[in-house]
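The values are calculated or read from the model by the stated rules, or taken from the named source; none is laboratory data. All values derive from a computational prediction rather than experimental measurement. Here the Cβ positions follow ideal geometry from the backbone for every residue, glycine too, while neighbour counts run over all protein chains shown. Accessible surface areas use protein heavy atoms only, side chains included; no ligands, DNA or RNA. Shrake-Rupley method; radii C 1.70, N 1.55, O 1.52, S 1.80 Å.
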Amino acid sequence: MSSDIKNQTQRLVQWFERDALPLWSVRGIHPALGASFERLRADGEVDTGANVRVRVQARQAFFFAAAKSLGWCDSGADIARGLLGFVESNAAHPSAGGGFTHLLSPEFEVIDSKQDLYDHAFFLLAYAWLYRVSGERAALDKAEALVLHLDNCFGAEYGGWAEGDYDHTVRRQNPHMHLFEACMALYEASGEAPWLARAGELFSLFESRFFCPKQGVLFEFFNADWTLADGATGQVVEPGHMMEWVWLLDWYARLTGQSVARYTGVLYRRALDIGLKADSGLLYDSVTPEGNVLQHTKRCWGLTELIKASLVMAREGEPDAEARAASAVDALFRYYLCGTTPGSYVDQRGKNDEVVAAEAPASTLYHLIVLAQELMRYCDGVSDRAEKVSA
């Protein structure tokens, strides 16, 4: 392991401890409601005019619970509990018999009561981590009730779930990817086999529907029967999601012993081939399987997933993957963790890598803290292996 990856890991850890957690635990949380604001403005102040996505509460609950588990935030479990309690009291769906609404006004009142599959994946993740740091069985009970609600209301033909309780023209892989993540997190937290079985069902969807072995890419949008969506919509590829699946598949392999190398290497290399802007090292938001750029913008989260995937590939012996990860953490600071307010960040860069979205969505902290967890796990794992060799 090089000193570069260790130094970049420590750099990110210090950013969380010194800057991000003090900022977001105070300024990012409504002092009376215990709910998360949607985002900070470029000047670091709360954007009090922004509508608030209900899923942000779940992602922030995960964030603070994860920070508690790392020893970075003593009040993390309490903040997470408060965030979830706010939603359960104020944004539960009024008539569906379970689940949550979608959007709140700047005054934290429900203005869109639809139920969205993607939103609910993060509530399952948040319950997993609240149980992990608190040991409260109620968190697991709520996860079980929520997934039963998804089964009853949104279970769909051909596998997986429908998009929600609203009309939709396509099915997305993205909610199922995060449900895969949540089921593995619930299994790790609880040790209860049904969660791993559900993860296995989602892995099968990846193998049979989302991944295209002929082109070596992950597709995003599908018809009801999981055939590719028609026209240009069906050809959309997000390199960041390809990288995210590399990390998720590796996690699944660690839990089950299932070999996934036939997928991870292809996804990683193809994402670099068709999605990387070489001069900056950032990932385009979307491209075609041939590498034609559909969106020249680059979100912060895409880079976090490139780093996580590079760590997976470094463990698998991929040449230059560790060096790429270290370089990408440096790029993360140069292009995104560079706001004028310490602990805040830039969300998106444009065609020429200029800032096009200077706001800091609270939801991005989910990606950043998972990256920190993975960097620390990588460094600890390499050190442990080195000690065993020397012994």
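At a glance:
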item: Candidate set: the stretch 143-153, residues that are surrounded by 12 or more Cβ atoms within 10 Å (Cβ to Cβ) and among the hydrophobic types (A, V, I, L, M, F, W, C); chosen: the one farthest from Gly97 (Cα to Cα); result: Ala143
item: Residues that are out of contact with any helix residue (DSSP H, G or I) (no Cβ under 9 Å at 6 or more places or on another chain) and of a type in the set (Asp, Glu), drawn from the stretch 254-298; result: Asp273, Asp279
item: Residue within the stretch 277-290 that is acidic (Asp, Glu), over 21 Å from Met184 (Cα atoms), touching a residue at least 24 places away in the same chain (Cβ under 8 Å) and surrounded by 15 or more Cβ atoms within 10 Å (Cβ to Cβ) present; result: yes
item: Verdict on Asp330 being in contact (Cβ under 8 Å) with a residue 40 or more places away in the chain, assigned to a helix (DSSP H, G or I) and over 17 Å from the mean Cα position of the chain (by Cα); result: yes
item: Identity of the residue in the stretch 244-276, within 14 Å of Ala309 (Cα to Cα) and not in a helix (DSSP H, G or I), that ends up most open to solvent (accessible area, probe 1.4 Å); result: Leu276
item: The stretch 48-78 - residue that is over 19 Å from the mean Cα position of the chain (by Cα) and open to solvent by 30 Å² or more (accessible area, probe 1.4 Å) and, of those, farthest from Arg132 (Cα to Cα); result: Gly49
item: Residue check, Glu201 touching a helix residue (DSSP H, G or I) at 6+ places or on another chain (Cβ under 9 Å) and surrounded by fewer than 18 Cβ atoms within 10 Å (Cβ to Cβ); result: yes
item: Enumeration of residues in the stretch 1-47 that are open to solvent by less than 60 Å² (accessible area, probe 1.4 Å), over 19 Å from Ala77 (Cβ atoms), more than 20 Å from the chain's Cα centre (by Cα) and not aliphatic (A, V, I, L, M); result: Ser2, Gln8, Asp19, Gly44, Asp47
item: Top-ranked residue in the stretch 108-135 [being part of a loop (DSSP other than H, G, I, E, B) and out of contact with any strand residue (DSSP E or B) (no Cβ under 9 Å at 6 or more places or on another chain); ranked as farthest from Glu192 (Cα to Cα)]; result: Glu109
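Matching residues to (1) buried (at least 19 other Cβ atoms within 10 Å of the Cβ); (2) in contact (Cβ under 8 Å) with a residue 12 or more places away in the chain:
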| site | (1), (2) |
| --- | --- |
| Lys114 | no, yes |
| Arg132 | yes, yes |
| Arg137 | no, no |
| Gly155 | no, no |
| Trp161 | yes, yes |
